[in-house]
Amino acid sequence: MTHLCRPGCGACCIAPSISSIIPGMAGGKPAGVACVQLAADFSCMIFARPGRPGCCAGLKPSAEMCGDSREEALAYLGHLELATALPVGPC
């Protein structure tokens, strides 16, 4: 069953870091920072355009990821970001 994006959410455009080039953000974006392509209504302004990063196009909404609210989606994606982050510090 396909899960559709929740209108007014935008969690996937805020919570994760993106290392790919984004139009308007040549160095990507850090976790927790809204993408410059996130519109005021929390929709993606480059959703169907060629400049959209592959990591964004490959991310598919799911009931587990999106939860029951925008806050749950932000928390879930934030947890994934922390769980997959590379350790920082001396090796």
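Descriptive notes on the structure:
- Relative exposure of E71, E81, judged by other C-beta atoms within 10 Å (fewest first): E71, E81
- The candidate values were [x] 5.8; [y] 7.0; [z] 6.7; the one computed from these coordinates for mean projected area of the Cα convex hull in nm² carries the label [z].
- Dividing the mean sequence gap of close Cα pairs (under 8 Å, 6+ apart) by how many residues the chain holds gives a relative contact order of 33 percent.
- Once the chain from E64 to S17 is taken as fully extended at 0.36 nm per residue, the excess over their C-alpha distance is 15.0 nm.
- Projecting label points 7 angstrom from Cα along Cα→Cβ for E71 and M25 puts them 2.4 nm apart.
- Charge-dipole axis of the chain as Lys and Arg at +1 and Asp and Glu at -1 on Cβ define it, positive-most pick from P30, P53, A15: P53
- Shown for F42, F47: other C-beta atoms within 10 Å of each C-beta, ranked fewest to most, produce the order F47, F42.
- Peptides ranked, highest mean first, by Cβ atoms within 10 Å: ranges 57-66, 28-37: 28-37, 57-66
- Relative to the current alpha-carbon distance between A57 and S43, full extension at 0.36 nm per residue lengthens the span by 3.7 nm.
Read-outs throughout are calculated quantities, based only on the coordinates presented, and are distinct from any laboratory measurement. Model, not experiment: these values are computed from the prediction. All Cβ positions, even for glycine, are placed from backbone atoms using ideal geometry, and neighbour counts span all protein chains on display.
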